[in-house]
Amino acid sequence: MENAEAEVVSHYADHDGVSLFDRIYAALAAQGVAAADVTAEHLKGVDEFHIGGVDATLALLDQLAIAPATRVLDIGSGIGGPARLIASRYGAQVTGVDLTPDFVETARRLSAAVGSPTEFIVGSAFDLPFADATFDLATLLHVGMNLPDKPRLFAEAARVLRPGGTFAVYDVMLFGNHPDFPVPWSSGPESSFLSGPYTYLDAAAEAGFTLRARRDRGDVVRAFFVAMQERMAKAGPPAIGLPLIMGPTAPVKAANMIKAVTAGDIAPVEMIFDRR
Ligand SMILES: C[S@@+](CC[C@H](N)C(=O)[O-])C[C@H]1O[C@@H](n2cnc3c(N)ncnc32)[C@H](O)[C@@H]1O
């Protein structure tokens, strides 16, 4: 498990010695956005590190009843886009936890810079640094592909949720062959742990969750990729985009993922569970 976690951190870690925060701010400055003028909206091209971007996050969130009093944990929070979106859209209290220290540092600095009342903590999904029953809602967006032990993920999520709490998952799942590597979440097979939907459903049931809703998003994201490729053919890649996070190998990572999604070998799936 520790080896897998070390592989994950090294995959996501800084690419060129310049902090990710500084790379994002330099890219914004090159677009004429002064540091003092940066808003959460400017970050949306880069801080939603999953297929479908902000629209996919909203498609998941808007199925949930989130209110200002909702205590939310975003597991594998990346550089904090989904957490900031939940805090601003619903006024909820959001904590993010992530294994990659660079991402947690970047998430904190971005939230401070745009005035988002979110907090971020370094920690593992397999050993969440929170007391039992701390949260009403946990979210997991494109993280399970890095997690070799789904039963342990679901057991930890169940532990930190109160009875009756909700666990909302939006993960890339396996429906056929594994993709070629690298992909956005992994440089090679040693840190990619794609699983089929039944692995998730079994682990969830075992941990005391009941499935409330499931949507397979393959068709939606295939249309998303076609539209994205048409936009890029006309206007080139966006200046503020995921290549800032994925580094120099971003084009091949994206191409391998799109190929596998197009072939139907992998696809994102939403699953919403209630903790019994
Ligand atoms: C593809 S990114 C998604 C980030 C974020 N959820 C989003 O949608 O913008 C996957 C994230 O999972 C984190 N991660 C991977 N394994 C983890 C673990 N065992 N515990 C916590 N976070 C983990 C990575 O550090 C990375 O930030």
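The values are calculated or read from the model by the stated rules, or taken from the named source; none is laboratory data. Computed from a predicted model, the values in this text were never measured in an experiment. A quick note on method: Cβ atoms are made from the backbone with ideal geometry, for glycine too, and the neighbour counts reach across all protein chains shown.
Among Gly164, Gly176, which is the only one that is within 19 Å of Asp265 (Cβ to Cβ) and either under 16 Å from the mean Cα position of the chain (by Cα) or at pLDDT 95 or above (or both)? Let's see the steps before the verdict.
On the way: Gly164 fails: within 19 Å of Asp265 (Cβ to Cβ).
Only one candidate passes the filter, namely Gly176.
Per-residue answers, yes or no, for (1) out of contact with any strand residue (DSSP E or B) (no Cβ under 8 Å at 6 or more places or on another chain); (2) surrounded by fewer than 24 Cβ atoms within 10 Å (Cβ to Cβ):
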position	(1), (2)
Ala92	no, yes
Glu105	yes, yes
Thr118	no, no
Asp127	yes, yes
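Picking from Gly80, Gly91, which residue would you name as being closer than 19 Å to Leu20 by Cβ and not aliphatic (A, V, I, L, M)?
On the way: Gly91 fails: closer than 19 Å to Leu20 by Cβ.
From the options Gly80, Gly91, the qualifying one is Gly80.
What's the number of the condition Thr166 fails, among (1) within 13 Å of the ligand (Cβ to nearest atom); (2) surrounded by 22 or more Cβ atoms within 10 Å (Cβ to Cβ); (3) of a type in the set (Val, Ile, Thr)?
That leaves (1) as the condition not met.
Please tell me if Val9 is closer than 25 Å to Ile258 by Cα, near the ligand (Cβ under 10 Å from one of its atoms), assigned to a helix (DSSP H, G or I) and β-branched (Val, Ile, Thr).
yes
Only one of these conditions is not met by Asn177: (1) surrounded by fewer than 20 Cβ atoms within 10 Å (Cβ to Cβ); (2) without any contact (Cβ under 8 Å) to a residue 60 or more places away in the chain. Which number is it?
(2)
Residues checked against (1) under 17 Å from the mean Cα position of the chain (by Cα); (2) at pLDDT 95 or above:
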residue	(1), (2)
Trp185	yes, yes
Thr199	no, yes
Ala203	no, yes
Arg231	no, no
Lys253	yes, yes
Asn256	no, yes
Ala267	yes, yes
Met271	yes, yes
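Hey, could you check region 93-106 for residues that are in contact (Cβ under 8 Å) with a residue 40 or more places away in the chain and of a type outside the set (Val, Ile, Thr) and say which is nearest to Gly144 (Cα to Cα)?
Among residues in region 93-106 that are in contact (Cβ under 8 Å) with a residue 40 or more places away in the chain and of a type outside the set (Val, Ile, Thr), the one nearest to Gly144 (Cα to Cα) is Leu99.
Could you list, in sequence order, the residues of region 204-231 that are surrounded by 14 or more Cβ atoms within 10 Å (Cβ to Cβ), small (Gly, Ala, Ser) and assigned to a helix (DSSP H, G or I)?
Correct list: Ala204, Ala205, Gly218.
Say we look at region 65-76 and pick out the residues that are among the hydrophobic types (A, V, I, L, M, F, W, C) and surrounded by fewer than 19 Cβ atoms within 10 Å (Cβ to Cβ); which of these is farthest from Val172 (Cα to Cα)? Even if it seems obvious, please write down each step before you answer.
Restricting attention to region 65-76, the residues satisfying the condition of being among the hydrophobic types (A, V, I, L, M, F, W, C) are 65-67, 69, 72-73, 75.
Still in the list and also surrounded by fewer than 19 Cβ atoms within 10 Å (Cβ to Cβ): 65, 67, 69.
Details: Ala65: 24, Ala67: 27, Ala69: 30 Å.
Here the residue is Ala69.
Looking only at region 22-41, which residues are surrounded by fewer than 18 Cβ atoms within 10 Å (Cβ to Cβ) and not charged (D, E, K, R)?
Once the filter is applied, which keeps residues that are surrounded by fewer than 18 Cβ atoms within 10 Å (Cβ to Cβ) and not charged (D, E, K, R), region 22-41 yields Ala26, Ala29, Ala30, Gln31, Gly32, Val33, Ala34, Ala35, Ala36, Val38, Thr39.
I'd like the residue in region 186-203 that is of a type outside the set (Gly, Ala, Ser) and assigned to a loop (DSSP other than H, G, I, E, B) and, out of all such residues, is surrounded by the most Cβ atoms within 10 Å (Cβ to Cβ).
Only one residue tops the list, namely Leu194.
Can you name the residue in region 33-48 that is not in a helix (DSSP H, G or I) and not hydrophobic (A, V, I, L, M, F, W, C) and is also farthest from the ligand (Cβ to nearest atom) among such residues? Write out each step before concluding.
Here is the first cut: in region 33-48, the ones not in a helix (DSSP H, G or I) are 33-34, 38-39, 44-48.
Going one step further and asking which of them are not hydrophobic (A, V, I, L, M, F, W, C), we end up with 39, 44-45, 47-48.
On the way: Thr39: 18, Lys44: 11, Gly45: 12, Asp47: 7, Glu48: 5 Å.
For region 33-48, the residue satisfying everything is Thr39.
Tell me, which strands (runs of 3 or more DSSP E) wholly within region 49-159 include 2 or more residues that are of a type outside the set (Lys, Arg) and more than 14 Å from the ligand (Cβ to nearest atom)? Can you show your working first?
Working: elements: 71-75, 93-98, 118-122, 135-141.
Output list reads 135-141.
Could you please tell me which pairs satisfy a Cβ distance under 8 Å, a separation of 6+ or placement on different chains, a first residue in region 252-267 that is closer than 13 Å to Phe175 by Cα, and a second residue that is outside any strand (DSSP E or B) and among the aromatic types (Phe, Trp, Tyr)?
Close Cβ pairs (under 8 Å, with a partner that is outside any strand (DSSP E or B) and among the aromatic types (Phe, Trp, Tyr)) amount to Val261/Phe225; Thr262/Phe225; Gly264/Phe175; Asp265/Phe175; Ile266/Phe175; Ala267/Phe175.
All but one of (1) within 25 Å of Gln63 (Cα to Cα); (2) assigned to a helix (DSSP H, G or I); (3) in contact with a strand residue (DSSP E or B) (Cβ under 7 Å, 6 or more places away or on another chain) hold for Lys253; state the number of the condition that does not hold.
(1)
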